[in-house]
Amino acid sequence: MTRKLLIVGAAFAALSLAACGQKPDETKGAATPAEQAATPDANPAATVPTPSDETKAATFVAKAAATDMYEIEAAKVAAKRSTNAEVKKFAAMMEKAHTKTTEDLKAAIAASGATIALPTALPADLQDKLDDLNKADDKDFDKTYADDQVDVHQAALNLMQRYAQDGDTAAIKAFAAATAPAVQDHLNEAEGLKKGFVN
């Protein structure tokens, strides 16, 4: 009986060690030892995506490119629908700035040697936001646009800062670090715009 327990125990220990041995490869560069210790039993395939996934270049690129795509499309809607000169000016700046950011992101991907394709459609959350913007009443349009600009730029700034610090690909990290200050400027301007529509 004791011998059977020892054999089972040894087999279990060997399996555990084998599983532990694979974990660093699966999460290479994605989690610090402290983060791994906080979730020792986490199965990456079975968990909901967390911000630590943003350390992977493909995830970062998908989110950053989707933000650019949303900004360009929202700016086009604002150019057509807004009657406010400040909103129109901001929208024109966003379309130009985010078109450039997309080009810079493509250049960073090329420089990294990675083969990462940019998304061709908006993710559901940003598509919903764009749909809501299109459906907004004329009287609420400028406020809705300004509110969205604050939300989306705050999320984009968080994304850029996190990847610049913890990203797994040097050339794309450099892009994130160089882009973050511009996103911060856009956020500041969006907040100023939003203040103009506070009821």
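If I stretch the segment between residue 185 and residue 107 completely, what's the gain in nm (0.36 nm per residue apart, minus their alpha carbon distance), one decimal?
Contour length minus the Cα-Cα distance gives 25.9 nm.
Rounded to whole Hz and in sequence order, give me ³J(HN,Hα) for segment 159-174 from the Karplus expression 6.51 cos²θ - 1.76 cosθ + 1.60, θ = phi - 60°, writing x for Gly and Pro.
Once rounded to whole Hz, the list reads 4, 4, 5, 5, 6, 4, 8, 10, x, 9, 10, 4, 5, 7, 4, 5.
Can you give the local net charge around residue 86? Use residues other than it whose beta-carbon is closer than 12 angstrom to its beta-carbon, Lys and Arg +1, Asp and Glu -1.
Charge balance near residue 86 sits at +2.
Under a straight-distance cross-link criterion of Cα-Cα below 16 Å, which aspartates and glutamates are reachable from residue 195, leaving out those fewer than 8 residues away in the same chain?
Of all the aspartates and glutamates, those that pass the test against residue 195 - Cα under 16 Å, at least 8 places apart if same chain - are 86, 140, 142, 147, 148, 151, 185.
If you plug each phi of segment 185-192 into the Karplus form 6.51 cos²θ - 1.76 cosθ + 1.60 with θ = phi - 60°, what whole-Hz ³J(HN,Hα) values come out, in order, with x for Gly and Pro?
4, 5, 4, 4, 5, 5, 5, x
Please compare each pair in 96/135; 135/173; 56/76; 76/106 to a cut-off of 29 Å on the Cα-Cα distance and tell me which ones are over it.
Over 29 Å Cα-Cα: 135/173; 56/76.
Using the Karplus curve 6.51 cos²θ - 1.76 cosθ + 1.60 with θ = phi - 60°, work out ³J(HN,Hα) for each residue of segment 89-103 in order, rounded to whole Hz, and write x for Gly and Pro.
Once θ is set to phi - 60°, the couplings for segment 89-103 become 5, 4, 4, 4, 5, 5, 4, 5, 5, 7, 5, 5, 4, 4, 5 Hz.
Under 8 Å for C-alpha pairs, at least 6 residues apart: give me the relative contact order for segment 52-190, rounded to a whole percent.
Taking the mean separation of contacting Cα pairs over the length of segment 52-190, I get 34 percent.
Bear in mind that the values in this text are calculations on the coordinates, not laboratory data. Values in this document were obtained by computation on a predicted structure and should not be read as measured data. All Cβ positions, even for glycine, are placed from backbone atoms using ideal geometry, and neighbour counts span all protein chains on display.
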